[in-house]
1. Out of every Cα pair in the stretch 165-320, what percent are spaced more than 20 Å from each other?
2. Please compute the modelled spin-label separation between residue 154 and residue 419, points set 7 Å along Cα→Cβ, answer in nm with one decimal.
3. Could you tell me the ratio Rg/Rh of the stretch 589-672? Both radii from Cα atoms, Rh via Kirkwood.
4. Stretch residue 671-residue 280 to full length: gain in nm at 0.36 nm per residue minus the Cα-Cα span?
5. When all C-alpha to C-alpha distances in the stretch 427-538 are sorted into bins of 5 Å, what percent of pairs does each bin hold, rounded to whole numbers?
6. Do you know the relative contact order of the stretch 75-215, to the nearest whole percent, from alpha carbon pairs under 8 angstrom that are 6+ apart?
7. Hey, what's the Kirkwood Rh for the stretch 375-465 if you take every pair of different alpha carbons, in angstrom?
8. Sorted from fewest to most neighbouring beta carbons within 10 Å, what does the list 389, 653 look like?
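None of the figures in this text is laboratory data; all of them are computed from the coordinates on show. Since this is a predicted model, take the numbers as computed values, not measurements. A quick note on method: Cβ atoms are made from the backbone with ideal geometry, for glycine too, and the neighbour counts reach across all protein chains shown.
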């Protein structure tokens, strides 16, 4: 390796204790004798007998359904060649890490010291009952073709040689989108493939299935273009024969003259700028050799500025990386108990990846790559590896294709795509699961939500998603021309109502009169009202107040109070409350909790603190929780002699008056609220077990707590959720991304639907 620092860092990384990159962990309780009697003898006999009755019960009673074997003999490891089975183990462990990190699939890496095809196949067959799927890895051609073919035919679990099909699927998606961008017909493009190994052959076969004309493919190996003349000389393997070109012999440079696409799967530094200049207009250049590409992407782009360039490298745009494929293909195959991976499943994965690249990219993905935003185009032709949506899109497409092909263990009538996608969302975290349910509920009513910051890029990208998902009917405030230009810059295509408050007749008519009537006792004049309604925040608020919109979402561009104040002045609080409350929903360690008030009430008195507790509990109920409310303090139940907690004790009394059914206790320390063992010291407590609604004594404590949990506690935060307004209002935080805007809009929409039902 040329990079000494990389070598040193890699060795330090791998040698850090514990050694290796993977370990096994128990998934069932094992702390008591009872636990052990269930885990092993005598209780373990019962699932054994159930599996004996019906083999598929192994998917229910064991880890088989989430266990993949990554198997190699070490004969073709990365760019290192035949380094042997043992030396390949770090690569196989790395593959296991990627399976786990990206798709939550457990892996055993298995290095088989055997190069004989028959013996290798027999070895894999004998261990296959352990696994739900087998990922073959780094096995040289042509043996890999025969090994995969035999195992696919002879086993009843999914088998895939990733070096072949992974590259084919990912490059196929990139190719489809590139062709669309350069506006060429797939049946007309001329393709040059440098390399004739396992991945090159598989890519060629897959691309033909996608629509590339086989007669337009020139495959080049170490001896030059694979042609009919070489076929006649019997100098080709069976795999190469089908791609023998009917034309003159030549070398790589000859093949590239007039070519539309270059696909490199060979070795580094074999393509020069002059060869690229001989290609057709708007060429597509995929230099995928690792670790060094056939030509560096920056060199390729300099030679052909009109080209779309991709490589296997992460330090340039358009990384064609197999991690976009294999974890999610196996995820979908395992979840539907597929018996094999069919061509239609591979095609489904390709199409899903290609389509996902055209969707708006979440802010967290852009941030992960230190980019302001990412949009479909020449520098973004396939999704990024850290885009969590790939799991949902690819796995669901693969599972659906398996069911349709009749190779799944699930019958068509029992496979509900939406339910499965929701299950995949849940694997991304509890917040995703909860919010998916919220968004599904929002879709049923399609409420009109007004966005005062209609020309903000994050708002526009969020609105695209909201329309695409059918979550609400957005209304944008702002200059229509500015908004159209911004949509064009962001490559967004959607239609929705756009209102310019400065030119809208209601500013000097209906809305002005309504605002004056609302605020005339506060000294508001007609002239003042017209001026205030130039503000999009006030204009949006009066729209909600008069019913022209069902809810208000804004706050990205200015401080929280700047948006809250107009809403309080125009819409006001709910009739049964005196205060509005800002709370956060957080998912942590598989549990859902609420914490308040973190945004509105700075130092709440007894009554305000009581309302914070009651309103936060009310919101928790809407998310399916049975509230157990803990009022937090520095001491337990007023035990401190130095500083009494009378304010908190009085707040609890008032809260029980406001909501007699409320389960609330305190003041107590945070660990008392959450740890059952500590609660045993206080048998008089109103609840047992961990509280799920935490009320802090003041805004400072709540704000500090939620930010510490967000950044140090690995909590997933949603909010602040605003409660107590007469009509639905949700105020965002400055810097919130598209994901947060979508989530808060969905919450606003279902709140509007709830209020509508309450008025009936």
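1. On the way: 5141 of 12090 pairs.
Taking all Cα-Cα pairs of the stretch 165-320, the fraction more than 20 Å apart is 43 percent.
2. Those two pseudo-labels are separated by 3.8 nm.
3. Result: Rg/Rh = 0.96.
4. So the chain would gain 133.9 nm between residue 671 and residue 280.
5. Final binned percentages: 2, 11, 17, 16, 14, 14, 11, 8, 4, 2, 0, 0.
6. So the answer I get is 19 percent.
7. Here the Kirkwood hydrodynamic radius works out to 15.9 Å.
8. 653, 389
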